[in-house]
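Novice: Quick one: structure below, then a few questions.
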Amino acid sequence: MNTAELKELWGYLHEHPEISWEEEETTAYLMDFFKTKGLHPVAFQSIPGFYVEIGQGKPVIAVRADMDALLQEVDFEMQANHSCGHDAHMAIVTAVIIRLSQKANKFTGTLRAIFQPAEEKGGGAINVVEEGITDDIDYLYGVHLRPENELTFPQCAPAINHGACVFLWGKITGADHHGARPQEGVNAIEIAYSILQHMQQIHTTPMVPASVKMTHIQAGGANINVIPGSATFGIDMRAQSNEVMDVLKQRIDEICESVSELYGCSIELQMDDEVPAAVIHPEAESHMKRAITDVLGKDQSASAITTSGSDDFHFYTLLKPRIKATMLALGADVTPGLHHPEMTFNHDALENGAAVLMEVCQSHLLTDSP
């Protein structure tokens, strides 16, 4: 699979995006693609996506590609859109497997590619773990395009220290009452404001970046003379470590419980999404750094990236601590930015990503890797 074919595959995937949990056609297309190359992909049992492997025995080295696109407005129309680079990730991992399949008879161990759904929803990795696909993995590698304000092409970094994020929905339940008689009930807007005020007093260690904010509130109707007894609100929490995120979650629970007792109302919290902070293994990071240097040269090897963004890749190491994992930060001059509806990148980064991932994988599996 040469560079032209790699870019052609990216082009097809880019033009056929599918949102989280709906990656059925993407799954079918890539599985057929691997079959034409003589490989034997295996579909997941209960979710979209699949895995394909070459070689046999231990160690088991895995590479992961996320498959889903975002649903966003593009040219005034809501549509699936690959603005996070998952189309590139799939093309890169496909190239790694196809190219290394020519060397599989020399492997000492197994190389497995995981094509995972629903990264953007934060639950895809959990479901893959539940499928049992990760039980025997020793090393796991991911890849993600990076914006030009983090890395300039062709630089790469051996790890991405993502932060943790939690999205909560809250519901305040009470009875509406007349604007002339506020003493007859509680004002859900005042309750939400009280929660917001208490949130602003949450303090965690200043050594770890963290934030908590209310990002949604809806209360009341068309009649201004009705005091709303009920409301819904949304909370976005982020922290650069899982330990600090645990503190934030505990404090939000305590605040809502206290405000509920103070006002004599019901406040319910429901988790909408949760993604852990990165758990990077130093051995995996070291292997990746060596691969970057061997492929691109020492001058193009940057230090690990730290970002407040999140990725459900880190559920793998959180749920399976024995896995040694890291994610390649692929300098691709992404502009205007990740998740921007008009996101674009330097397509020459596709070849760099494939070459670096090939090198790190075969360093584990070939005793005399070129």
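Novice: List the strands (runs of 3 or more DSSP E) inside the range 1-96, counting only whole elements, that have at least 1 residues being among the small types (Gly, Ala, Ser), within 30 Å of Arg322 (Cα to Cα) and within 23 Å of the chain's Cα centre (by Cα).
Specialist: Values: elements: 50-56, 60-66, 70-74, 77-81.
Answer list for the range 1-96: 60-66.
Novice: Picking from Thr215, Thr152, which residue would you name as being surrounded by fewer than 19 Cβ atoms within 10 Å (Cβ to Cβ) and farther than 25 Å from Gln72 by Cα?
Specialist: On the way: Thr215 fails: farther than 25 Å from Gln72 by Cα.
Of the residues listed, the single one that is surrounded by fewer than 19 Cβ atoms within 10 Å (Cβ to Cβ) and farther than 25 Å from Gln72 by Cα is Thr152.
Novice: Residue check: is Thr326 without any contact (Cβ under 8 Å) to a residue 24 or more places away in the chain, of a type in the set (S, T, N, Q) and either crowded, with 19+ Cβ neighbours inside 10 Å or touching a strand residue (DSSP E or B) at 6+ places or on another chain (Cβ under 9 Å) (or both)? Step through it out loud before you land on a result.
Specialist: Details: without any contact (Cβ under 8 Å) to a residue 24 or more places away in the chain: no; of a type in the set (S, T, N, Q): yes; either crowded, with 19+ Cβ neighbours inside 10 Å or touching a strand residue (DSSP E or B) at 6+ places or on another chain (Cβ under 9 Å) (or both): yes.
Taking the combined requirement at face value, the residue does not satisfy it.
Novice: Given the options Met358, Met271, Met288, Met343, name the one that is out of contact with any Phe, Trp or Tyr (no Cβ under 6 Å at 6 or more places or on another chain) and under 30 Å from Phe76 (Cα atoms).
Specialist: On the way: Met358 fails: under 30 Å from Phe76 (Cα atoms); Met271 fails: under 30 Å from Phe76 (Cα atoms); Met288 fails: under 30 Å from Phe76 (Cα atoms).
The unique qualifying residue is Met343.
Novice: Contact list please: Cβ distance under 9 Å, first residue in the range 115-131 and touching a residue at least 24 places away in the same chain (Cβ under 8 Å), second residue crowded, with 24+ Cβ neighbours inside 10 Å and among the basic types (Lys, Arg), pairs at least six apart or on different chains.
Specialist: Between residues of the range 115-131 that are touching a residue at least 24 places away in the same chain (Cβ under 8 Å) and residues that are crowded, with 24+ Cβ neighbours inside 10 Å and among the basic types (Lys, Arg), the close pairs are Phe115/Arg64; Gln116/Arg64; Ala125/Arg64; Val128/Arg64.
Each row is one residue, and each column tells you yes or no for (1) more than 26 Å from Ala325 (Cβ to Cβ); (2) not hydroxyl-bearing (Ser, Thr, Tyr).
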| position | (1), (2) |
| --- | --- |
| Tyr139 | no, no |
| Arg146 | no, yes |
| Leu151 | no, yes |
| Ala164 | no, yes |
| His178 | yes, yes |
| Ala188 | yes, yes |
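Novice: Quick test of your reading of the structure: Gly234 fulfils all but one of (1) assigned to a strand (DSSP E or B); (2) buried (at least 16 other Cβ atoms within 10 Å of the Cβ). Name the failing condition by number.
Specialist: Single failed check for Gly234: (2).
Novice: While we're on this one: Return the residues of the range 177-205 that are over 17 Å from Ile267 (Cβ atoms) and among the charged types (D, E, K, R); say none if nothing qualifies. Working first, answer last.
Specialist: Our first condition is that a residue be over 17 Å from Ile267 (Cβ atoms); within the range 177-205, this holds for 177-184, 200-201, 203-205.
Within the range 177-205, Arg181, Glu184 meet the criteria.
Novice: Of these, Asp311, Asp294, which one is of a type outside the set (A, V, I, L, M) and within 21 Å of Val279 (Cα to Cα)? Please lay out each step first, then the result.
Specialist: Details: Asp294 fails: within 21 Å of Val279 (Cα to Cα).
None of the others qualify; the one that does is Asp311.
Novice: Looking at the range 246-304, which of its residues are modelled with pLDDT of 95 or more and of a type in the set (Val, Ile, Thr)?
Specialist: Listed by number, the residues that qualify are Val247, Ile252, Ile255, Val259, Ile267, Ile280, Ile292, Thr293, Val295.
The values are calculated or read from the model by the stated rules, or taken from the named source; none is laboratory data. From a predicted model like this one, the values you see are computed outputs, not experimental measurements. Note that we place each Cβ from the backbone using ideal geometry, even for glycine, and neighbour counts take in every protein chain shown.
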